[in-house]
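**Q** This is the structure I have questions about; it appears just below.
Laboratory data are not the source of any read-out in this text; all were calculated from the coordinates shown. What you see is a predicted model; the values in this text were computed from it and never measured. Here Cβ is always computed from backbone atoms with ideal geometry, including for glycine, and neighbour counts include all displayed protein chains.
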């Protein structure tokens, strides 16, 4: 019996990911062996230094015929459980192509894109926004596959959690804002939608490709309303918004362009964007913070001031 050669896990990735807790460290302990087994199973050979983000390790590899690919190793979580189903449903249209998938570990073999050229490297704001708008329009046009986690359940849970979270915020105005966001979500729970959402599409999650100029990566698929997918692109590269001289105008420009691109009802898009602010606020409180992120506050207040 052939014994797989374990892969090397970069120390920087192990340190950053291991800080997330005991489950993360357990996963890290098994990662060298898992990576080696997948290299053997899919007949891959390493082809360069590994890259990593907050929650995954990506190894450049070559397939048996010499084609470049990328082996993505990530822990099986609720957010990643539907990633392969989402990628299959999108059929590589505007998003990285799935070549192989290991269901037990959530590992993916993907087409290799140019990790040195993310959309965030494009300096022209309108160009980058146009790319994001176009990709969002294509991705959210696809119906969500059966069995995918749904926005309706997530929304109901957020509304239920809000009363306990609000007192943790130090600023009374921010407490009121979080309550207002929850009220907006409560009004929309019956309109949660059934489109296939990326959930985290921003310029850092778009890479240059060969078959298309730009392709999305790292989806955490969700079935829901396209309006719930806008916030990551609205608060992306926030320094450009703050340096514009008119934060409200810049936010509305991004919001309106994205809403128009995906064909979302504006009322629902406002409500679901407030829902994303609520979600991020609840996560902040869970992490022990007593203030909301300034960008999130500015976006929420801008949309509330211009509801129509």
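**Q** Of all residues in the range 150-164, count the ones that are touching a strand residue (DSSP E or B) at 6+ places or on another chain (Cβ under 9 Å) and either assigned to a helix (DSSP H, G or I) or buried (at least 18 other Cβ atoms within 10 Å of the Cβ) (or both). Before you say what the answer is, go through the steps one by one.
**A** So the first thing to find is which residues in the range 150-164 are touching a strand residue (DSSP E or B) at 6+ places or on another chain (Cβ under 9 Å), and the list is 150-152, 154-155.
Then drop every residue that is not either assigned to a helix (DSSP H, G or I) or buried (at least 18 other Cβ atoms within 10 Å of the Cβ) (or both), which leaves 151-152, 154-155.
Residues meeting the conditions: 4.
**Q** Restricted to the range 69-80, and to residues that are touching a residue at least 60 places away in the same chain (Cβ under 8 Å) and surrounded by fewer than 19 Cβ atoms within 10 Å (Cβ to Cβ), which residue is farthest from residue 54 (Cα to Cα)? Give the derivation first.
**A** To start, the set of residues in the range 69-80 that are touching a residue at least 60 places away in the same chain (Cβ under 8 Å) comprises 78-80.
Now drop any that are not surrounded by fewer than 19 Cβ atoms within 10 Å (Cβ to Cβ), which leaves 78-79.
On the way: 78: 16, 79: 14 Å.
That would be 78.
Rundown of residues vs (1) surrounded by 15 or more Cβ atoms within 10 Å (Cβ to Cβ); (2) in a helix (DSSP H, G or I), yes/no style:
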{"site": "101", "(1), (2)": "yes, no"}
{"site": "123", "(1), (2)": "no, no"}
{"site": "129", "(1), (2)": "yes, yes"}
{"site": "166", "(1), (2)": "yes, yes"}
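**Q** On the basis of being on the phi < 0 side of the Ramachandran plot and out of contact with any helix residue (DSSP H, G or I) (no Cβ under 7 Å at 6 or more places or on another chain), does residue 197 make the cut? Walk me through it before giving the result.
**A** Values: on the phi < 0 side of the Ramachandran plot: yes; out of contact with any helix residue (DSSP H, G or I) (no Cβ under 7 Å at 6 or more places or on another chain): no.
So residue 197 does not fit the description; no.
**Q** Okay, moving on. Mind checking which residues of the range 38-66 are under 18 Å from residue 104 (Cα atoms), touching a helix residue (DSSP H, G or I) at 6+ places or on another chain (Cβ under 8 Å) and assigned to a strand (DSSP E or B)? Steps first, please.
**A** Applying the first criterion (under 18 Å from residue 104 (Cα atoms)) to the range 38-66 yields 38-42, 55-58.
Those left that are additionally touching a helix residue (DSSP H, G or I) at 6+ places or on another chain (Cβ under 8 Å): 55, 57.
If the condition is that a residue be under 18 Å from residue 104 (Cα atoms), touching a helix residue (DSSP H, G or I) at 6+ places or on another chain (Cβ under 8 Å) and assigned to a strand (DSSP E or B), then 57 is the only one that fits.
**Q** Let me ask something additional. Applying the selection to the range 283-308, what residues are within 17 Å of the chain's Cα centre (by Cα) and in contact (Cβ under 8 Å) with a residue 60 or more places away in the chain?
**A** The answer is 296, and nothing else.
**Q** Test residue 6 against the stated conditions and say whether it is part of a loop (DSSP other than H, G, I, E, B) and in contact with a helix residue (DSSP H, G or I) (Cβ under 9 Å, 6 or more places away or on another chain). First the steps, then the outcome.
**A** Values: part of a loop (DSSP other than H, G, I, E, B): yes; in contact with a helix residue (DSSP H, G or I) (Cβ under 9 Å, 6 or more places away or on another chain): yes.
In short, yes.
**Q** Please enumerate the residues belonging to the range 176-191 that are surrounded by fewer than 22 Cβ atoms within 10 Å (Cβ to Cβ) and assigned to a helix (DSSP H, G or I). So that I can check it myself, show each step before the final result.
**A** Step one: of the range 176-191, the residues surrounded by fewer than 22 Cβ atoms within 10 Å (Cβ to Cβ) are 176, 179-180, 183, 186-187, 189-191.
Answer for the range 176-191, where residues must be surrounded by fewer than 22 Cβ atoms within 10 Å (Cβ to Cβ) and assigned to a helix (DSSP H, G or I): 176, 179, 180, 183, 186, 189, 190, 191.
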